[in-house]
1. Just to check your reading of the model, which residue among V11, V22, V62 is over 16 Å from S104 (Cβ atoms), at pLDDT 90 or above and touching a Pro at 6+ places or on another chain (Cβ under 8 Å)?
2. For the stretch 52-71, which residues satisfy the criterion of being surrounded by fewer than 17 Cβ atoms within 10 Å (Cβ to Cβ) and farther than 15 Å from L31 by Cα?
3. Restricting the search to the stretch 10-26, which residues are in contact with a strand residue (DSSP E or B) (Cβ under 8 Å, 6 or more places away or on another chain) and farther than 16 Å from T87 by Cα?
4. Please specify each residue of the stretch 55-71 satisfying the condition of being in contact (Cβ under 8 Å) with a residue 12 or more places away in the chain and either outside any strand (DSSP E or B) or within 21 Å of V22 (Cβ to Cβ) (or both).
5. Restricting attention to the stretch 72-106, which residues are surrounded by 19 or more Cβ atoms within 10 Å (Cβ to Cβ) and not in a loop (DSSP other than H, G, I, E, B)?
6. Can you tell me which residue is nearest to V9 (Cα to Cα) among those in the stretch 43-54 that are within 11 Å of the chain's Cα centre (by Cα) and not in a loop (DSSP other than H, G, I, E, B)?
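The values are calculated or read from the model by the stated rules, or taken from the named source; none is laboratory data. Quantities reported herein were computed from a predicted structural model and do not represent experimental measurements. So basically every Cβ, Gly included, is an ideal-geometry build from the backbone, and we count neighbours across all protein chains shown.
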Amino acid sequence: METNWTRLVTVRELGRRRKLRVEVGDTAVALFQADDRIYAFRDLCIHQDRSLAKGTLLHGRVICPGHQWAFDLDTGYEEDQDLCQPTYAVKVEDDVVYVDLTRSPDYAETATSPAEVD
């Protein structure tokens, strides 16, 4: 399977805030670090076009600053809605975070703990 990995940032650049907005061409991507995993979402919320990178990480969810929809980090789903926030495949190699905007994540294969690359 062909992939289109794009280098985004280093794990250190993601830093203590554990969230960061980056641009990949015309696509804004929100990166989140939780439980030693890095996740990538389309940054603009499907509900109100608010930046999820400005949201809050809480209990395995990112909470949108608009109407507080809480998207699951693993799936992108909001449990009280039928909508799903687009998510992207992530990998970490040599402390560098890569994303593939053409693939949805399969965390059993693609999510790599930053500790695993040390």
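1. On the way: V22 fails: touching a Pro at 6+ places or on another chain (Cβ under 8 Å); V62 fails: touching a Pro at 6+ places or on another chain (Cβ under 8 Å).
Matching residue, one of V11, V22, V62: V11.
2. Of everything in the stretch 52-71, those that are surrounded by fewer than 17 Cβ atoms within 10 Å (Cβ to Cβ) and farther than 15 Å from L31 by Cα turn out to be H59, P65, G66, H67, Q68.
3. The first filter runs over the stretch 10-26 and keeps only residues in contact with a strand residue (DSSP E or B) (Cβ under 8 Å, 6 or more places away or on another chain), leaving 10-11, 13-14, 18-24.
Matches in the stretch 10-26: T10, V11, E13, L14, R18.
4. Taking the stretch 55-71 and keeping what is in contact (Cβ under 8 Å) with a residue 12 or more places away in the chain, we get 55, 57-58, 60-62, 64-67, 69-71.
Hits for the stretch 55-71 are G55, L57, G60, R61, V62, C64, P65, G66, H67, W69, F71.
5. At the first step, the residues of the stretch 72-106 found to be surrounded by 19 or more Cβ atoms within 10 Å (Cβ to Cβ) are 73, 76, 78, 85, 87-90, 92, 97-100, 105.
Across the stretch 72-106, the qualifying residues are E78, T87, Y88, A89, V90, V92, V97, Y98, V99, D100.
6. Of the stretch 43-54, the ones within 11 Å of the chain's Cα centre (by Cα) are 43, 52-53.
Imposing the further condition that a residue be not in a loop (DSSP other than H, G, I, E, B) reduces the set to 52-53.
Values: L52: 18, A53: 15 Å.
Here the answer is A53.
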